[in-house]
Amino acid sequence: ELKVEQNPLFLSMQEGKNYTIYCNYSTTSDRLYWYRQDPGKSLESLFVLLSNGAVKQEGRLMASLDTKARLSTLHITAAVHDLSATYFCAVPPDSNYQLIWGAGTKLIIKP
Amino acid sequence: DTGVSQDPRHKITKRGQNVTFRCDPISEHNRLYWYRQTLGQGPEFLTYFQNEAQLEKSRLLSDRFSAERPKGSFSTLEIQRTEQGDSAMYLCASSLGLSNIQYFGAGTRLSVL
């Protein structure tokens, strides 16, 4: 059974700092998704990583995927308050379209 | 608005009652998903449709839950004989294509008293 683990689950950081969120998964998968969720809101797609070594960047966020290590990272550069949210990674089991989700990383960025 | 829409946004019901939720996906999307999310957790997969065919259903899903997608357009999720443990946010998503990026609606928050 596929399990997806994120760490940390909670992160409080200062504006301007850099940090990385980690997403590990337990069985083979060739793709991984990152989503953002603001309090009381639904999920917004950030990145889809479709192959080993894939790297995607949007503004201050950069995501990468290592399928051999079964690891994805979401790196935040020079954090700003607007990036405060909960970030989820999600992985499809082999040959499936459903997604198995991590528990989320709640990110608070203080001015 | 061309996004995924869900109705109602909030539902309060008494234990033992039946409830039904509706999801209208993005019009050209052939895949539709239902997830359940509780506070502090990631979404939990419930079921998936490709067009009108229900192709996957979580093994954890009680027989009290049923979903339909007639004609491959909107979908309904029905919960019979609701229990307090059914209280959660029910999310619908739709997707298209190989990348399978799932676009989510705002959700229906169910409270079972």
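Summary of the geometry: segment A:49-111 and segment B:47-113, compared by the centres of their Cα atoms, lie 24 Å apart. For the residues A:29, A:84, A:45, a GNM of chain A with alpha-carbon springs under 10 Å puts the largest fluctuation on A:45.
Partners of residue A:106 within straight-line reach, counting lysines whose Cα lies under 24 Å from its Cα and excluding those fewer than 8 residues away in the same chain: A:3, A:17, A:41, A:56.
For residue A:110, list the aspartates and glutamates whose Cα falls under 19 Å from its own Cα; do not include residues on the same chain fewer than 8 positions away. Straight-distance partners of residue A:110: A:15, A:38, A:82. A protection proxy built from the mean count of other Cβ atoms within 10 Å ranks the segments B:72-79, B:100-107, most packed first, as B:100-107, B:72-79. Taking both sides together, the accessible area buried where A meets B is about 1600 Å² for a 1.4 Å probe. For residue A:15 and residue A:66, the FRET efficiency from 1/(1 + (r/R0)^6), where r spans their Cβ atoms and R0 equals 41 Å, is about 0.90.
Bridge orientation summary for the protein assembly as shown: considering DSSP beta bridges with both residues in this region, about 90 percent are antiparallel. Among A:48, A:80, A:91, the largest mean-square fluctuation in a Gaussian network model of chain A (Cα springs under 10 Å) belongs to A:80. Here residue B:71 is the anchor, and the lysines within straight C-alpha reach of less than 21 Å, apart from those fewer than 8 places off in the same chain, are B:57. Pick from B:55, B:91, B:46 the residue whose mean-square fluctuation is largest in a GNM of chain B, springs joining Cα atoms under 10 Å. For chain B, modelled as a Gaussian network with Cα springs under 10 Å, the answer is B:55.
The values are calculated or read from the model by the stated rules, or taken from the named source; none is laboratory data. Quick caveat, the model's predicted, so the values are computed rather than measured. Using ideal geometry, Cβ is built from the backbone for each residue, glycine included, and neighbour counts are taken over all protein chains shown. Surface areas here come from the heavy atoms of the whole protein model, side chains and all, with no ligands, DNA or RNA. Shrake-Rupley method; radii C 1.70, N 1.55, O 1.52, S 1.80 Å.
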